[in-house]
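Undergrad: Handing you a structure now.
The values are calculated or read from the model by the stated rules, or taken from the named source; none is laboratory data. From a predicted model like this one, the values you see are computed outputs, not experimental measurements. Counting neighbours? That spans all protein chains shown, and the Cβs are built from the backbone with ideal geometry, glycine included. Surface accessibility is based on the protein's heavy atoms, side chains included, excluding ligands, DNA and RNA. Shrake-Rupley method; radii C 1.70, N 1.55, O 1.52, S 1.80 Å.
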Amino acid sequence: MSATVIDGKAIAARMLAATRVEAAALTNEGWAPRLVSISVGDVAAAELYVRNQSRQAERAGVGFEARNYPDTISLEQLTGVLQGLNADPRVNGIIIQRPLPQHIPVKALQRAVHPLKDVEGMHPASIGNIVYNDLALGPCTAVASVEILKTLPLKIEGLDVTVIGHSEIVGKPIAFLMMGLGATVTVCHHMTRQVSVHSRQADAVFVAAGRPGLVTGEMLKPGAALIDIGINRIEGPDGPKTVGDADFDSCAEVAGWITPVPGGVGPVTVATLMKNAVLAARMQMEHYREAYRAAE
Ligand code: NAD
């Protein structure tokens, strides 16, 4: 194996420590950052994520309240709940846990969260801001993936980057973020004729396709950075296990750096969520202070 395995947990720990300092400063000013997590129906599917977010919130000094609603709740009722949270100055960020029951379209809920409380960075306004290189509250996984690349000794200006996967919340925002940093970006998706033609040219490859084993070592330029965002549950010889979109062993032979799954992008994504919680609380504090000044 030649690649350096990137330690996502260590990057996350540094981010959480910095966020804790910010959270303490805000608490001193009477703006203790606080998140509310909303899940609907069967809790088991989202429970693992909620528990993990709650633990990391505690590490970052961010308040965390998990709310679960029965799957009989209507979209209108849930939107009403969100409007209440939007108006409550003691709530600084709202997380919508997935999966949601079929009658609750996730996009409708994401739109109902006030952009200043959109800590997941999934409101159309937050996604759109990325095009303008305004990164106030960016989508957590995309921001985390780019933050990981930034820790490597690579000059990002002019870097050739290939992004595999073009979803609204991961692939597309990564492409815009990297363009904003001066990289030359190629985006591949399920209709791309030959992904390897593009991935082999790249100094850095991001993959977010949800296809285990999609990227193999022979698809990489020797020494390239590989950021694997995929999370897939597969049957291994010793039972079910979580893997990314890269065939780790063959990629690690060729790449210069590689993120493991688990332990790569995942922990940095949760740390980014906490960083966004603190950013959101600060933006709201400033928003309210400006409103009071204007009213005086
Ligand atoms: P998605 O299903 O919305 O999009 C998948 C993308 O991959 C599409 O753009 C599709 O065109 C592309 N694709 C599919 N098959 C392909 C192929 N054979 N070749 C090239 N491109 C192909 O998925 P998503 O929401 O972007 O998530 C992608 C993966 O990332 C999933 O495994 C998901 O679990 C994971 N994910 C991880 C995190 C994290 O925090 N690490 C967060 C979100 C999503």
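Undergrad: Using only Cα atoms, tell me the angle between helix 140-150 and the longest principal axis of the chain; keep it within 0 to 90° and round to the nearest 10.
TA: For 140-150 against the chain, the angle is about 50 degrees.
Undergrad: While we're looking at this one, here's another question. Average projected area of the Cα convex hull of the stretch 29-115, in nm²?
TA: With the hull built on Cα positions only, its mean projection is 5.7 nm².
Undergrad: Length gain on complete extension for the stretch TYR69 to LEU181, per 0.36 nm per residue less the alpha carbon to alpha carbon distance?
TA: 36.2 nm is the gain from fully extending TYR69 to LEU181.
Undergrad: Give me the one-decimal nm value for the distance between modelled label points at TYR132 and ARG14, 7 Å along each residue's Cα-to-Cβ direction.
TA: Here the modelled spin labels are 3.1 nm apart.
Undergrad: While we're looking at this one, here's another question. For helix 44-60, report the angle its Cα long axis makes with the longest principal axis of the Cα atoms of the chain; keep it between 0 and 90° and round to the nearest 10°.
TA: 80
Undergrad: Using the Karplus equation 6.51 cos²θ - 1.76 cosθ + 1.60 (θ = phi - 60°), what ³J(HN,Hα) coupling, rounded to whole Hz, does each residue of the stretch 13-26 give in order, writing x for Gly and Pro?
TA: Going residue by residue, I get 4, 5, 5, 5, 5, 5, 5, 4, 5, 5, 5, 5, 5, 5 Hz, with x marking Gly and Pro.
Undergrad: Another question, if that's okay. If you split all Cα-Cα distances of the stretch 160-296 into 5 Å bins from zero, what percentages do you get per bin, shortest first?
TA: Per 5 Å bin, starting at 0, the Cα pair percentages come out as 2, 10, 16, 19, 17, 11, 7, 5, 4, 4, 3, 2, 1, 0.
Undergrad: Reachable lysines from LYS155, Cα under 22 Å, same-chain residues fewer than 8 places away excluded?
TA: Straight-distance partners of LYS155: LYS172, LYS221.
Undergrad: Beyond 20 Å between alpha-carbons counts as too far, so tell me which of LYS9/LYS150; LYS150/LYS275; LYS107/LYS275 fall in that bin.
TA: LYS107/LYS275
Undergrad: In addition: What share of all Cα pairs of the stretch 174-246, in percent, falls into each consecutive 5 Å distance bin?
TA: Whole-percent P(r) values from 0 Å outward: 3, 16, 23, 24, 17, 10, 5, 2, 1.
Undergrad: Probe of 1.4 angstrom, ligands and nucleic acids ignored: what's the accessible area per residue over the stretch 139-266, in square angstrom?
TA: I get 45 Å² per residue for the stretch 139-266.
Undergrad: Right, another one. Which whole-number percent is the relative contact order of the stretch 29-115 (Cα, under 8 Å, 6+ apart)?
TA: After rounding, I find 42 percent.
Undergrad: For the stretch 29-115, with only Lys/Arg (+1) and Asp/Glu (-1) charged at the beta-carbon, what is the dipole magnitude about the Cα centre, in debye rounded to 20?
TA: Dipole size: approximately 220 debye.
Undergrad: So if we plug the beta-carbon distance of LEU48 and GLU290 into 1/(1 + (r/R0)^6) with R0 = 35 Å, what FRET efficiency do we get, rounded to 0.05?
TA: 0.35
Undergrad: Let me check against my output: what whole-number percent is the relative contact order of the chain, with C-alpha pairs under 8 Å and at least 6 apart?
TA: 23
Undergrad: With N residues in the chain, what two-decimal value do you get for its Cα radius of gyration over 2.2 N^0.38 Å?
TA: Rounded to two decimals, the normalised Rg is 1.03.
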